[in-house]
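Report on one structure; see the data block that follows.
Derivation of every value follows stated rules applied to the coordinates shown; laboratory data play no part. As the structure is a prediction and not an experimental result, all values here were calculated from the model. Neighbour counts run over all protein chains shown; Cβ positions are idealised from the backbone, glycine included.
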Amino acid sequence: MSCAGYLRRHRPEGGAATAHAVSIGVGLLVVTLVMVQAAGLVRLRHRVAAAADLAALAASQASVAGDDGCAKARTIARRNGAELVRCRMDYDVATVTARARSEPWWSRTWGTEQRARAAPETYLTPAAQDVGANARPRDR
């Protein structure tokens, strides 16, 4: 029997390329799913940061108008998909903390908290207001 005939009948590596291709495909799928989850968490963090910023601004503005700043902050945070965890009003300066949780994924949820602070424009000194009004954009 020739060597070529023996190898045709007894191929020890038969199907090895298929097994390698499947394992590489599964590995790429897992990496892709993890990256999608990480991108979703970054998006969640940005959404909560925006909700906290807007809630702090609304609270400060409501306080200047004589309304309950924390109630307004709670409403704005909820409209932006976050929960208001803490709200503190020091005169018209609002300090808020907003929280949101991700949807369950792989039987686990992740959450993030963001803190924001806002004050009315009247809290700036006259010199700081002049600098802000007369500031020129930097030359690039």
### Query
According to a simple spin-label model (label point 7 Å from Cα along Cα-to-Cβ), what is the distance in nm between ARG43 and VAL64?
3.4
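Would you mind classifying the stretch 26-123 by shape? Square roots of the alpha carbon gyration tensor eigenvalues, ordered a ≥ b ≥ c; an a/c under 1.5 is rounded, otherwise it is prolate if a/b is larger than b/c and oblate if not.
Note, shape of the stretch 26-123 comes out prolate.
Run the numbers for ALA17 and SER102: contour at 0.36 nm per residue of separation, minus the present Cα-Cα distance, in nm. Write out the running numbers ahead of the final one.
On the way: separation 85, 0.36 × 85 = 30.60 nm, distance 3.93 nm.
Going from the current span to full extension adds 26.7 nm.
Can you give the charge dipole size of the stretch 26-123 about its Cα centre, rounded to the nearest 20 debye, using +1 on the beta carbon of Lys and Arg and -1 on the beta carbon of Asp and Glu? Before the final figure, lay out the partial values.
Values: 14 positive and 9 negative charges, 80 e Å.
Dipole magnitude for the stretch 26-123 comes out near 380 debye.
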